[in-house]
Amino acid sequence: MMSQTPQRTDYRHFQPVTTRWHDNDIYGHVNNVTYYSFFDSTVNSYLIERGGLDIHEGSVVGFVVSSACDYFASIAYPDLIEVGLRVGKLGNSSVQYELAIFRAGEEEACAAGRFVHVFVDRQSNQPVAIPAEMRQALEHLTV
């Protein structure tokens, strides 16, 4: 568990996300598993738009090998949210993303998570070096 609530200024990139009616669970807030979907969509959008990731034909793909999330405050449909993204550790074939969910206009995160991608050759599933264009995009997010 994190010792303090992450702040908006801790992150380098923000992705707006629209919560959806079916994100809410029976308790009236966004279900915990949905946060992982927000994280995954934010990272992959960034990699596609800025890092040259070709999810359909590219020879390199990222596999999630580890993930976690800490929750500080509930969000619920129809909240407008933004996902903050930064890179905590950049290796040769892996990267640890650090993400946070913010209500639009708020400074403190409602949740903060992290996950690790290992980049692999699509055919062999063996780790490979992060491609140069992608590495450059990830370096921009490194804290």
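The values are calculated or read from the model by the stated rules, or taken from the named source; none is laboratory data. Since this is a predicted model, take the numbers as computed values, not measurements. Don't worry about glycine lacking a Cβ; one is built from the backbone with ideal geometry, like all the others, and counts go over all protein chains shown. Keep in mind that these areas ignore ligands, DNA and RNA; they rest on the heavy atoms of the full protein, side chains included. Shrake-Rupley method; radii C 1.70, N 1.55, O 1.52, S 1.80 Å.
In table form, for the structure just shown:
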| read-out | value |
| --- | --- |
| Check on P16, part of a loop (DSSP other than H, G, I, E, B) and touching a residue at least 40 places away in the same chain (Cβ under 8 Å) | no |
| The one condition in (1) over 17 Å from L141 (Cβ atoms); (2) surrounded by 13 or more Cβ atoms within 10 Å (Cβ to Cβ); (3) touching an Asp or Glu at 6+ places or on another chain (Cβ under 8 Å) that D23 fails to fulfil | (3) |
| Inter-residue pairs, beta-carbon under 9 Å, first basic (K, R) and in region 106-128, second open to solvent by less than 10 Å² (accessible area, probe 1.4 Å), 6+ apart | R114/F39; R114/Y97; R114/L99 |
| Failed item, numbered, when I75 is tested on (1) in contact with a strand residue (DSSP E or B) (Cβ under 9 Å, 6 or more places away or on another chain); (2) at pLDDT 95 or above; (3) under 22 Å from V143 (Cα atoms); (4) of a type in the set (A, V, I, L, M) | (3) |
| Unmet requirement for S74, which otherwise passes all of (1) farther than 30 Å from N24 by Cα; (2) polar (S, T, N, Q); (3) open to solvent by 60 Å² or more (accessible area, probe 1.4 Å) | (1) |
| Failed criterion for N125 (all others in (1) under 23 Å from R20 (Cα atoms); (2) more than 12 Å from the chain's Cα centre (by Cα) hold) | (1) |
| Condition check for Q96: open to solvent by 80 Å² or more (accessible area, probe 1.4 Å), over 25 Å from I26 (Cα atoms) and modelled with pLDDT of 95 or more | no |
| Evaluation of I130 against (1) open to solvent by less than 40 Å² (accessible area, probe 1.4 Å); (2) part of a loop (DSSP other than H, G, I, E, B); (3) within 20 Å of Y36 (Cβ to Cβ) (one fails), failing number | (3) |
| Residue among T34, T42 that is modelled with pLDDT of 95 or more and over 19 Å from I130 (Cβ atoms) | T34 |
| Subset of region 133-143 (residues that are more than 17 Å from L99 (Cβ to Cβ) and either open to solvent by less than 80 Å² (accessible area, probe 1.4 Å) or not in a helix (DSSP H, G or I) (or both)) | M134, R135 |
